[in-house]
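A.B. asks: Here it is, the structure, as structure tokens.
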Protein chains: 2
Amino acid sequence: MSDRDAVLFANEAFYAAFNGRDFAAMEMLWSRSMPISCIHPGGGPVFDREAVMAGWRSILGHVSSAQIQCHAPHVRMFGEHAVVVCFEEIAGNMLIASNVFMREDRAWRMVHHQAGPTAETPPRVALSDKGPIRFN
Amino acid sequence: MSDRDAVLFANEAFYAAFNGRDFAAMEMLWSRSMPISCIHPGGGPVFDREAVMAGWRSILGHVSSAQIQCHAPHVRMFGEHAVVVCFEEIAGNMLIASNVFMREDRAWRMVHHQAGPTAETPPRVALSDKGPIRFN
């Protein structure tokens with residue numbers, strides 16, 4: 001698996017952990033050795049593992065919360081570091097997110113997340129006779 | 001100057017370029033060798049140097065635009081990479097931003113920026129008889 005695919009996989013695992021209300025998976029996804037930070041939509045900054053995890057524990061404790069669909073993830077690789085920009089569709093609202101990952105041991109771990117509202121929508125996927133073409 | 005101070009300096013230079021409507025300085029601030037991306041408040045993702053710079057050229061061309069005051073910048077260092085989280089006060093509105101920097105040659109260059117609305121306000125600075133104390 002290429003680094004780019006491994007980062008995309010980690011990004012998907014983040015949304016799977018959210019949608020599955022899987023706090024253990026969410027905890028595993030985030031770096032343990034690096035200083036982490038998180039900005040939820042409309043919120044302020046949350047710094048460091050204890051506070052970031054307390055936030056996720058609270059959010060994931062609401063089993064009735066909406067699911068997030070991640071659209072059009074776009075990976076920027078910087079060696080041991082990567083930024084994924086993607087759309088988040090949640091309860092009919094569109095958000096845009098920056099997900100920052102670092103390589104830790106042999107895995108890509110999240111070190112920063114910001115999501116906020118966007119007036120834009122993800123690029124459409126068109127069907128042609130050669131199969132799906134993604135415009136981005 | 002420590003790496004942390006150099007990153008804070010680059011972060012300040014970003015807001016100085018904005019407030020001075022200084023496109024040349026803005027262009028200099030962003031990486032030339034890395035894949036850059038930018039998410040303006042409420043907007044969609046903008047990828048790669050040409051598009052990101054076209055966006056800044058347009059924004060900085062509006063000389064009457066409001067000034068941004070950067071509050072409470074918080075630097076997270078990851079070796080050759082850094083994330084600065086800070087509040088942006090603009091025309092009475094409060095935003096929160098993630099500014100991602102990479103070391104390029106001997107300078108810290110921006111590779112990603114996202115700003116979006118926040119309902120929170122920066123930590124207050126209190127005056128005591130020992131001078132200012134920053135609560136963050």
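A.B. asks: Whole-Å semi-axes of region B:3-124's equivalent ellipsoid, largest first, each the root of 5 times a Cα gyration tensor eigenvalue?
C.D. replies: On the way: eigenvalues 81, 68, 34 Å².
Result for region B:3-124: semi-axes of 20, 18, 13 Å.
A.B. asks: If you don't mind, there's one more thing I want to ask. Could you work out, residue by residue across B:44-50, how many beta carbons of other chains sit within 10 Å of that residue's beta carbon, and then give the average as an integer?
C.D. replies: Going residue by residue through B:44-50 and averaging, the value is 4.
A.B. asks: Could you tell me how many degrees, from 0 to 90 and to the nearest 10, lie between the Cα long axis of helix A:3-19 and the main elongation axis, the longest principal axis, of the Cα atoms of chain A?
C.D. replies: 70
A.B. asks: Let me ask something additional. Where does chain A land at 222 nm, in deg cm²/dmol rounded to the nearest 500, when only DSSP H runs of n ≥ 4 count, each adding -39500 (n - 2.57), divided by all residues?
C.D. replies: Numbers: 3 runs with 36 residues, N = 136.
Calculated from helices alone, the mean residue ellipticity at 222 nm is -8000 deg cm²/dmol.
A.B. asks: In whole Å, what is the distance between the alpha-carbon centres of region B:41-68 and region A:46-114?
C.D. replies: 25
A.B. asks: Now a separate question. How far, in degrees from 0 to 90, does helix B:49-60 lean away from the longest principal axis of the Cα atoms of chain B, to the nearest 10?
C.D. replies: For B:49-60 against chain B, the angle is about 60 degrees.
A.B. asks: In B, who owns the beta-carbon nearest the axis carrying B over to A, and how many Å from it?
C.D. replies: Residue nearest the B-to-A axis, with distance in whole Å: B:G116, 1.
A.B. asks: To continue, here is another question. Taking loop as defined by DSSP and a crowding limit of 11 other beta carbons within 10 Å, which chymotrypsin sites (Phe, Trp or Tyr not before Pro) in region B:21-80 fit?
C.D. replies: Values: sites: B:F23, B:W30, B:F47, B:W56, B:F78; in loops: none.
When the chymotrypsin sites (Phe, Trp or Tyr not before Pro) of region B:21-80 are filtered for loop state and at most 11 Cβ neighbours within 10 Å, nothing remains.
A.B. asks: At A:E104, with labels set 7 Å past Cα in the Cβ direction, how many nm apart are the copies from this one, shortest first?
C.D. replies: Here A:E104 shows inter-copy label distances of 2.8 nm.
A.B. asks: Can you list the copy-to-copy distances for B:E27, using a point 7 angstrom from Cα toward Cβ, in nanometres, shortest first?
C.D. replies: 5.1
A.B. asks: Still on this structure, please answer the following. May I ask you to report, in nm to one decimal and beginning with the shortest, the distances from B:S64 to the same position in the other copies, taking label points 7 Å along Cα-to-Cβ?
C.D. replies: So the label point of B:S64 gives 4.9 nm to the other copies.
A.B. asks: May I pose another question? Using a simple charge model, +1 on the beta-carbon of Lys and Arg, -1 on the beta-carbon of Asp and Glu, nothing else, what dipole does the protein assembly as shown show about its Cα centre, in debye to the nearest 20? Could you put the intermediate results ahead of the total?
C.D. replies: On the way: 24 positive and 28 negative charges, 9 e Å.
For this selection, approximately 40 debye.
A.B. asks: Show the residues, 5+ positions off or on another chain, whose built amide H is closer than 5 Å to the amide H of A:F78.
C.D. replies: A:V83
A.B. asks: Can you pull out the trypsin sites (Lys or Arg not before Pro) in region B:61-118 that DSSP calls coil and that have at most 10 other Cβ atoms within 10 Å? Could the numbers behind the result be given before it?
C.D. replies: Numbers: sites: B:R76, B:R103, B:R106, B:R109; in loops: B:R106.
Within region B:61-118, the qualifying trypsin sites (Lys or Arg not before Pro) (loop, at most 10 other Cβ atoms within 10 Å) are B:R106.
A.B. asks: On to the next question. Gain in length, B:A16 to B:A107, computed as 0.36 nm per residue apart minus the alpha-carbon separation, to one decimal in nm?
C.D. replies: Numbers: separation 91, 0.36 × 91 = 32.76 nm, distance 1.68 nm.
Length gained, B:A16 through B:A107: 31.1 nm.
A.B. asks: Return the single residue from A:A119, A:A91, A:A51 with maximal mean-square fluctuation; model: Gaussian network over chain A, springs between Cα atoms under 10 Å.
C.D. replies: Comparing A:A119, A:A91, A:A51 in the GNM, the peak value goes to A:A119.
Every number here is computed from the coordinates shown, using simple stated rules; none is lab data. Predicted, not measured: the structure shown is a model, and the values here were computed from it. Positions of Cβ are backbone-derived with ideal geometry, glycine not excepted, and every protein chain shown enters the neighbour counts.
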